[in-house]
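**Student:** Structure below; questions to follow.
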There are 2 protein chains.
Amino acid sequence: MASGKYGKEMESLKEHLAKHHLKFTRQRELILSAFLRQEHITAEAMYHQLAKADPHLGLATIYRTLNLFCDAGIAQARHFGSQTQYDNVSHKGHHDHLICTGCGKIVEFENCEIEKLQEEVATRNGFTIQTHRLELYGLCSRCRH
Amino acid sequence: MASGKYGKEMESLKEHLAKHHLKFTRQRELILSAFLRQEHITAEAMYHQLAKADPHLGLATIYRTLNLFCDAGIAQARHFGSQTQYDNVSHKGHHDHLICTGCGKIVEFENCEIEKLQEEVATRNGFTIQTHRLELYGLCSRCRH
DNA sequence: TATAATTTTGAGACGGCTTATCAATTTCAA
DNA sequence: TTGAAATTGATAAGCCGTCTCAAAATTATA
């Protein structure tokens, strides 16, 4: 099965495409393969990164495709400064962000206890968690001075 | 003392103005009074809200002033969607959100244990938290069936 | 108080990031 | 294979926030 090539993300994408009568294209496959190698990336960065693989790939297509990934639950958009970061949910599943409001530095962290408490909160409210977003904004040690 | 009218925020602002040789203006007072009534607001929303009080107040002035509040520690900018939300720092009773990906239902919750763990994570990484954002995405009990 | 120096304002121009448009191309089901 | 439907690339358009600058307001100085 060709779709096994990129693992569960490809499955998620194909499922989403089928469900919404969308098509599987060369560009979408290319962008997915590149995206899965990242923890998070901007559309612009991906545009430059893929310029060699396909010089004609348009920036609009990258934006559209990354947004498609968000709809399919593979990516998650995060706004910082004036740009949008597209996070790889599979990497992210267990890592959240500490974001310095001074210099923009981003530190990733994991905390099982927090995740466990999140599950409890969800269960208490009758929810089944699919994904989450936790961002702590503050000043890093350097910017505090 | 006239500056007591809006409490400690006015003190913070005047202190900041004095320190940086900036001036206290009618517009800054107006915008501060409106800002303090909000938990968070966008520049655009404030523009419309103040249109009656002062039809000539410019949008640029609102942006400049909200950014000034950030510098003075009264407000905190946070990017949400394509817009910037200016959070009122003095309102720290912030709640987090459970969001149903099926029907869009939003449930607010608070969890002190999670907050405590967040503080720990931040401290361990040398950060001082100013604010945070926690969103749990999943299916509510109704949408799961 | 009058005057001078400095800052702020408002209106609109501008720039960066993202989305919309549309003709040509590609995909996919029949 | 064929035709309907979706996608693409190029670029125009849009949105948000900042910058510019002359006029106005505020503060310091005399």
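The values are calculated or read from the model by the stated rules, or taken from the named source; none is laboratory data. Keep in mind that this is a model prediction, so the values were computed, not measured. Here the Cβ positions follow ideal geometry from the backbone for every residue, glycine too, while neighbour counts run over all protein chains shown.
**Student:** Of the numbered conditions (1) crowded, with 17+ Cβ neighbours inside 10 Å; (2) modelled with pLDDT of 95 or more; (3) basic (Lys, Arg), B:LYS23 satisfies every one except a single condition; which is it?
**Tutor:** Every condition holds for B:LYS23 apart from (1).
**Student:** Next question, about the same structure. Would you be able to tell me the number of residues in segment A:6-56 that are within 11 Å of DNA strand D (Cβ to nearest atom) and polar (S, T, N, Q)?
**Tutor:** The qualifying residues number 2.
**Student:** Further question: When you scan segment A:119-143, how many residues do you find that are facing chain B (nearest Cβ under 7 Å) and either buried (at least 20 other Cβ atoms within 10 Å of the Cβ) or of a type outside the set (Ser, Thr, Tyr) (or both)?
**Tutor:** 16
**Student:** Could you pull out the residue among A:LYS116, A:LYS105 that is within 12 Å of chain B (Cβ to nearest Cβ) and at pLDDT below 85?
**Tutor:** Only one candidate qualifies: A:LYS105.
**Student:** Going through B:GLU115, B:GLU44, B:GLU110, B:GLU135 one at a time, which residue ends up being of a type in the set (Asp, Glu) and within 30 Å of B:ARG26 (Cα to Cα)?
**Tutor:** Going through B:GLU115, B:GLU44, B:GLU110, B:GLU135 in turn, the sole match is B:GLU44.
**Student:** When the residues of segment B:57-96 are narrowed to those that are facing chain A (nearest Cβ under 10 Å), surrounded by 15 or more Cβ atoms within 10 Å (Cβ to Cβ) and not hydrophobic (A, V, I, L, M, F, W, C), which ends up farthest from DNA strand D (Cβ to nearest atom)?
**Tutor:** Of everything passing the filter in segment B:57-96, B:ASP96 is farthest from DNA strand D (Cβ to nearest atom).
**Student:** Oh, and also: Within segment A:90-145, work out how many residues are among the aliphatic types (A, V, I, L, M), in a strand (DSSP E or B) and in contact with a Phe, Trp or Tyr (Cβ under 8 Å, 6 or more places away or on another chain).
**Tutor:** 7
**Student:** Being within 11 Å of DNA strand C (Cβ to nearest atom) and assigned to a strand (DSSP E or B): is that true of B:HIS21 here?
**Tutor:** Judged against the criteria, B:HIS21 is not a match.
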